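S.K.: The structure's right below; bear with me while I get my questions together.
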Amino acid sequence: MTFKELQKARSESGVVNLDLPAIRKLIQTEMSSFRPTGFDLPVRFSSGPQKDGTSEARQVGNIQMICEEIEKIYGGKELPKRWLKELAEDGKTMKHLSAFAYVDGVAPILDERTVLGKYIKAAGAGDVPAGTLIVVDAARAWSRAKPGDAMEAVTTCLKKGIHFLVLKPPFYVCPDDRHSQKKMNEFFGLLAGS
């Protein structure tokens, strides 16, 4: 199945809600000199009713489609994928995943009891390979933490050579961008607006 056929099929199923031309342009311009070594793929939702909806399928479908496109652009080699899923249980709200839900004064994204909290700790320890590309469906799938805490999590990853690609809206941040106040302000604006 071609990328266009895949896009059409997923669009008809309600999975795709992406600006694919903008994402493709971003991959071919801003990411042109970067070859990811693997993908880390956060998927999250924090309430039981979302489990019965299309939230997980949409996020996974969108992310998978873009990973396949990136692999195709860079020679067709399938790269390792690590799904970082934090999903509410049936009928329950995961308070520690909700916006600004700080437990014991710790942001969910920095809380080692959460999937992303464990990931940030591993990244800070150098246990996530440099060259990894984090692909998120939307900024809110990364963090709904306060801007300073979201910034700490992102900076921890960038310092260790980890890249970010947000699909909605399309945005790419590489480790060198941490030295660009303009680029970081744009990225943190996305995170704060989620």
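S.K.: Does I63 meet the test of being open to solvent by 60 Å² or more (accessible area, probe 1.4 Å), among the hydrophobic types (A, V, I, L, M, F, W, C), closer than 26 Å to P21 by Cβ and at pLDDT 80 or above?
M.R.: When the stated conditions are applied, I63 does not pass them.
S.K.: Take R35 and tell me if it is assigned to a loop (DSSP other than H, G, I, E, B), over 15 Å from E86 (Cα atoms) and modelled with pLDDT of 90 or more.
M.R.: Judged against the criteria, R35 is a match.
S.K.: Please work out which residue is modelled with the highest pLDDT, limiting yourself to segment 11-32 and to residues that are of a type in the set (D, E) and either buried (at least 16 other Cβ atoms within 10 Å of the Cβ) or assigned to a loop (DSSP other than H, G, I, E, B) (or both).
M.R.: Top of the filtered list is E30.
S.K.: Show the residue pairs meeting these rules: Cβ distance below 7 Å; 6+ apart or different chains; first residue within segment 172-194 and more than 13 Å from M151 (Cβ to Cβ); second residue of a type in the set (G, A, S).
M.R.: Sorted first by the residue in segment 172-194, then by its partner, the pairs are P175/G161; S194/A138; S194/A139.
S.K.: Has segment 69-82 got any residue that is at pLDDT 90 or above and small (G, A, S)?
M.R.: For segment 69-82, residues at pLDDT 90 or above and small (G, A, S): absent.
The values are calculated or read from the model by the stated rules, or taken from the named source; none is laboratory data. On a predicted model such as this, the values are computed, not experimentally measured, just so you know. Because the Cβ atoms are built from the backbone with ideal geometry, glycine has one as well, and the counts that use them run over all protein chains shown. SASA here: full protein model, heavy atoms, side chains in, ligands and nucleic acids out. Shrake-Rupley method; radii C 1.70, N 1.55, O 1.52, S 1.80 Å.
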